[in-house]
Amino acid sequence: MDGKKTGEVTHFYNGLCVAVIELSDTIQVGDDVHFLGRSTDFRQKVKSIQIEHEQVESAGKGEEIALKVDMRVRKGDKVFKLTEAQAETNR
């Protein structure tokens, strides 16, 4: 696992491929994140964030966000924010 724990998946909308994440740290559009769980392990760039159906550029600790994801995630999967160096290492 790389990065700093930023949140945990609380719900996944399969048809939309959107994860609902309870944040334990800040996140913003453009961040590289790592999703990790029992059967989940992938990285992606944050392309958009929504809070209550409103587009936002960033969100902070304690907020619940909706995030479009590249692959299926599961309730309980952890979300880690990667540093620029960590993101570059895996490209």
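Some observations on this one:
- Assigned charges on the beta-carbon of Lys, Arg, Asp, Glu; the chain dipole about Cα centre (debye): 380
- Ranking of D70, D2, D32 by count of other Cβ atoms within 10 Å, fewest first: D70, D2, D32
- Residue with peak Gaussian network fluctuation, the chain [Cα springs, cutoff 10 Å], from H53, H34, H11: H53
- Relative contact order (%) - criterion: Cα under 8 Å, at least six apart; region: the chain: 40
- In region 1-52, the GluC sites (Glu not before Pro) that fall in loop regions by DSSP, at most 13 other Cβ within 10 Å: E52
Readers should treat all values here as calculations from the given coordinates under stated rules, not as data from a laboratory. Quick caveat, the model's predicted, so the values are computed rather than measured. No Cβ is skipped: glycine too gets one built from the backbone with ideal geometry, and neighbour counts run over all protein chains shown.
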